[in-house]
Amino acid sequence: MSNYTAKDITVLEGLEPVRKRPGMYIGGVGTAGLHHLVWEILDNAVDEAMNGFASNISLTLHRDGSSITISDDGRGMPVDKHPTTKKSAVEVIFTVLHAGGKFEHGSYKTAGGLHGVGASVVNALSTELLASVKREGTLWEMGFKRGQPTGPLKKAGSARGTGTTVFFRPDPTIFPKVEFEAATIRERLEVVSYIHKGVRVTFENESEGAKEVFHHEEGLSDYLRKIVIERNAKPVHDVPFVHARESDPRLDLVLQWTEATDEHVRSYVNGIPTGSGGTHENGLRAGLGKAVRNYIETHNLSPKGVTLATEDIREGLTGVLSLFIQEPQFQGQTKDRLNNPEVTSAIDSAVRPALEHWLNHNRTIAESIVARVILAARAREASRAAQAEVTRKTATTGRLNLPGKLSDCTGAGREDTELFVVEGDSAGGSAKQGRDRSKQAILPLRGKVMNTEGMTLAKVLENKELADLVTALGCGMGKNFDLTRLRYGKVIILADADSDGHHIATLLLTFLYRHLPQLIAGGKVFLAQPPLYRIDIGKDTHWALDDDHRDRILKSHGNGRAHPDITRFKGLGEMMPKVLWETTLSPRTRRLLRVEVVDQIVTDRVINELMGKDASARFRFIMERADQAEELDV
Ligand code: 0R9
């Protein structure tokens, strides 16, 4: 050997450093690190497909959930021995640490000449690995244990066709939990099939006995179609904008404006999802914004009375961007934000002329897009005005624009009325049917209420559910709060009797405590107590609020001959309206808890601590608070 290079040093070191400090190579030994092993081997198969030699890739998640086989039908790894090292290429690939020890979050291997980088890392971190190569009619095999060859590359028989197969089982002494997630793998494989059009990707999950094939001749256009359908977004134009560029940088882009109110662009760098965006998405936004603005200006389409904001241009925009670059730098806690600064202007200057050209050559489409953009601007202005209205309008003027899903009571505005804030539509339905409609109003909230702790008023009002609640209450908030305008005598939170329900009640209480504190101080806020159990003993029916209550009832009625029949309610929604009325709504039979703040400072600290960060303690918090609340018979 003429030269003693750095490469030879890594050969001498072998794979020990990988086993000593796995985090340096795969980012960590948690779930993400474990799946990183899969992506490394998968990338090598994808490379062979990108080079035009493989058209099929398959991945099998074995029944044990802790081992995987990946194969491709490419040329097969070279099997001949290196003249000086006397090692086969297969052995080198799996035992020599390539490209230093840096955490390489997927490099653009083909162009970067880093082919096969990750295989040795995967090998080092696996208790067993078996590489099989089909080439020139022969099947070759080589096995490894914790990175060490168990023997030389051997002929194992004859073979038809060509290709490479890698089986590996991650080392449980390295990874605390070796359990692959089928959904994570499936998602990645599907994305591979969109990003690399034409490649047939098969996923077999042995424990489900299921096999799925992903294959998309139209690549990102197919992906976009799927996303638009999934999101139930109505396209503004039929034909999407499609842009493909072979190099400098290599990129694929599809865009389609829809009637959806948000923007949804997915981006990938070298096939790796960049969920937190980064410099490439910035470049896309810049180029896109300029192209649309230029089009609007050159064609004299600027709207009167509104100025277009950049977010107006992207409202309803749905798209996918896939980019390939040499040395991606990923940032952020989950390494899913691209940080290469040079990429922004590269994408900007690639997208802008292409999109402008497309708009100018598709005038009908362009006009639909411009109309959509102007609509977004007008809606934004209108909604800002509406938000001001929410806090300004009074209950008594009667001009209040009440939320559509509020089932108001006929007596709204009187002291003897009640607003029930109910979790979920189905529960809302039962409550609506079971209530006394002259005095009881129902406002159903969809899904989980957001955690408002630490949020500004403006941010809170962006949430439709909470804005609706404020509108229904009619008393305004912040500087405009006026208790005399409250449209109901009582505000009652009605949530399921289980821990999910408690969680929702806690979130609502946090909102009220932080943003409408005078409501609580004024004694207007209550918790309804729906039963968790129905207990039939003989001819008598009892309702129990919780397990303790149930046990007490059973004890006090336990002497009779009748056998008790116990039903546990899964949620308010499955309760008959009449039952809900009797147990929870009727002022004659129900019991309400009035929400009171006994010690302002303690409450403040507790809410801040529990709602701010520590999720685990929240459940305890609401249970304790419910106990502290004063019990009332109303
Ligand atoms: C199942 C996962 N697939 C692979 O890991 C895989 C690696 C690989 C490969 C070649 C072909 N198919 C492959 N599948 C290959 C590459 C080259 C020449 N012949 C075959 C080449 O890059 O010149 N290789 C990846 C690295 C190597 N081969 C090499 F370094 F050994 F050449």
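The numbers here are math on the coordinates, done by the rules we state, and not lab data. Not measured: the values here are computed from a predicted model. Cβ sites come from the backbone with ideal geometry, for glycine too, and all protein chains shown count toward neighbours.
Sparsely packed loop sites in the stretch 168-224 (the GluC sites (Glu not before Pro) outside DSSP H, G, I, E and B with at most 16 other Cβ atoms within 10 Å) comprise Glu179, Glu181, Glu217, Glu218.
Enumerate the residues in the stretch 528-544 having an amide nitrogen under 13 Å from the point lying 7 Å beyond the Cα of Arg568 toward its Cβ. Answer for the stretch 528-544: 532-534.
What is the gain in length, in nm to one decimal, between Ala210 and Lys405 on full extension, counting 0.36 nm per residue of separation less the C-alpha to C-alpha distance?
66.0 nm
Between Asp551 and Gln329, the FRET efficiency from the beta-carbon distance, with R0 = 51 Å, is close to 0.25. Short to long, the 10 Å bins of the Cα pair-distance histogram for the stretch 219-295 hold 15, 51, 32, 2 percent of all pairs. A Cα-only calculation for the stretch 443-512 places Rg and Dmax at 12.3, 36 Å.
Full extension of the segment from Asn362 to Lys86, taken as 0.36 nm per residue of separation minus the current Cα-Cα distance, would add 93.2 nm.
Here each label is just a point 7 Å from Cα along the line to Cβ, and for Asn51 and Glu381 those points are 5.9 nm apart. The ranking of Thr334, Thr84 from fewest to most other beta carbons within 10 Å of each one's beta carbon is Thr84, Thr334. Note on the stretch 302-348: percent of Cα-Cα distances in each 10 Å bin, starting at 0 and stopping at the bin with the largest distance, equals 18, 35, 30, 13, 4.
Distance between the 7 Å Cα→Cβ label points at Arg21 and Asn294: 4.8 nm. Label positions at Thr589 and Lys539, each projected 7 Å from the Cα along the C-beta direction, are separated by 1.7 nm. The fraction of all Cα pairs in the stretch 469-554 landing in successive 10 Å bins from 0 to the largest distance is 15, 37, 24, 16, 7, 1, given as whole percents.
Here the extension length gained between Ser426 and Ser158 equals 90.2 nm, from 0.36 nm per residue of separation less the Cα-Cα distance. Let a ≥ b ≥ c be the square roots of the eigenvalues of the Cα gyration tensor of the stretch 138-179; is it rounded (a/c under 1.5), or, if not, prolate (a/b larger than b/c) or oblate? Oblate, since a/c reaches 1.5 and b/c is not below a/b. Keeping to pairs on different chains or 8 or more places apart, tell me how many lysine pairs in the stretch 470-566 have Cα atoms under 27 Å apart. The result is 4.
Sort largest first and round to whole Å: the equivalent ellipsoid semi-axes of the stretch 412-570, each the square root of five times a Cα gyration tensor eigenvalue.
35, 17, 14
Our compactness index for the stretch 187-342, the C-alpha radius of gyration over the empirical 2.2 N^0.38 Å, is 1.16.
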